[in-house]
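Beneath this line is the structure, given in structure tokens, with notes to follow.
What follows is calculated from the coordinates using simple rules that are stated; it is not laboratory data. For clarity, every value in this text was computed on a predicted model and none was experimentally measured. In this analysis, Cβ positions are derived from the backbone assuming ideal geometry, glycine residues included, and neighbour counts consider all displayed protein chains.
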Amino acid sequence: MHTTLKTGTAAHAKLAERLRAGDLRSLARAISLVEDDAPAAQALLSACFPHTGDALRIGITGAPGAGKSTLVDQLARTFRERQHTVGILAVDPTSPFSGGAILGDRIRMERHHADAGVYTRSMATRGAMGGLARAAADAALLMEASGRDRILIETVGVGQDEIDIVRLADITVVILVPGMGDDVQSIKAGILEIADIFVVNKCDREGADRVEKELKAMQSFASSHGSWVAPVVRTVASTGQGIDALVAAVNDFAAWLLRDGHLRERREQQWRERLIEMVRAELLRGLQAHGMKAEDLADHARRITARQEDPFATAAEMVKAITGGNAHEQAV
């Protein structure tokens with residue numbers, strides 16, 4: 001069932017006001033609105049946007065079975081002990097039956113159920129690539145507007161396709177574990193480049209020393225951070241071992257980001273990429289408003305595949321129908 005909110009009224013402003021006051025029901029409803037791409041979602045996000053920008057967004061990524069959920073649970077516990085308010089966004093695979101998330105926050109985060117200082121939300125990828133739901137960025141924004149100062153974003157766990165986390169997180173934590181085929185050589189071209197912090201989880205297992213040694217030997221493949229060298233933190237998330245060291249590494253990198261404009265530069269890049277995605281979404285909405293349906297796109301695809309239609313001309317005509325002109329011709 002889709003959540004609805006009347007557009008053109010003050011309803012979205014009231015919902016945003018209750019959300020900013022910390023009402024968890026309002027936060028849940030607001031996230032449902034952006035997930036469903038409801039008509040009022042944009043106005044709601046606009047009302048909340050001025051109240052964001054101060055939270056630290058921490059992306060947790062790694063292969064399935066690396067212990068991401070347990071690590072997120074322990075991080076939330078530690079942040080709460082240090083008087084932070086926490087939002088957890090767990091992006092899960094989409095159920096082929098319901099279209100919703102296969103794994104649920106109630107299963108994995110039960111210890112925080114009674115703590116109003118922790119809000120957890122599972123979101124389905126709904127076919128989005130990169131391990132992140134399309135509405136994840138908007139959901140994180142709403143959590144931040146509700147007063148959460150630490151946003152933990154756990155990706156679905158699909159290997160190298162998870163690099164989209166860098167478009168959303170201020171800090172990206174990449175988790176590897178020994179004994180699961182996590183050969184560092186095999187993933188250096190993908191996931192290693194996005195790491196701000198490496199975690200070798202389940203370090204009580206045989207092979208942890210080898211994984212750590214390989215990571216340190218290959219840190220030159222990690223993304224360029226200037227003077228920052230991504231540390232390797234060893235943890236056993238199931239017992240809490242190493243979590244304090246991980247939080248210390250997060251705080252150290254956060255302090256580094258604040259120096260010399262690193263955080264501003266990172267967020268500007270994120271917004272450049274996100275604006276492109278938002279424009280694409282608006283173009284699709286414009287096509288729908290002009291009567292374009294999914295079956296029409298399917299018809300175009302069939303004709304293009306049969307070489308009966310020029311895809312480049314078709315795309316230009318679609319944009320022209322929305323804008324009333326041909327931007328490409330004007331530019332030329």
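A compact table of results
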| read-out | value |
| --- | --- |
| Amide H partners (placed H, <5 Å) of residue 234, local residues excluded | 200 |
| Cut-off under 5 Å, modelled amide H: who pairs with residue 120 long-range | 88 |
| Cα convex hull of the range 268-331, projected area averaged across orientations, nm² | 5.5 |
| Cα→Cβ-extended label distance, 7 Å offset, between residue 307 and residue 241, nm | 6.3 |
| Extended-chain gain in nm, criterion 0.36 nm per residue less alpha-carbon gap, residue 37 and residue 293 | 90.5 nm |
| Net lengthening on full extension, residue 260/residue 322 (0.36 nm per residue, minus Cα-Cα) | 18.1 nm |
| Pairwise FRET efficiency - residue 280 versus residue 116, Cβ, R0 = 51 Å, nearest 0.05 | 0.90 |
| Sparse-neighbourhood loop sites, trypsin sites (Lys or Arg not before Pro) in the range 236-325 - DSSP loop, at most 16 other Cβ within 10 angstrom | 293, 307 |
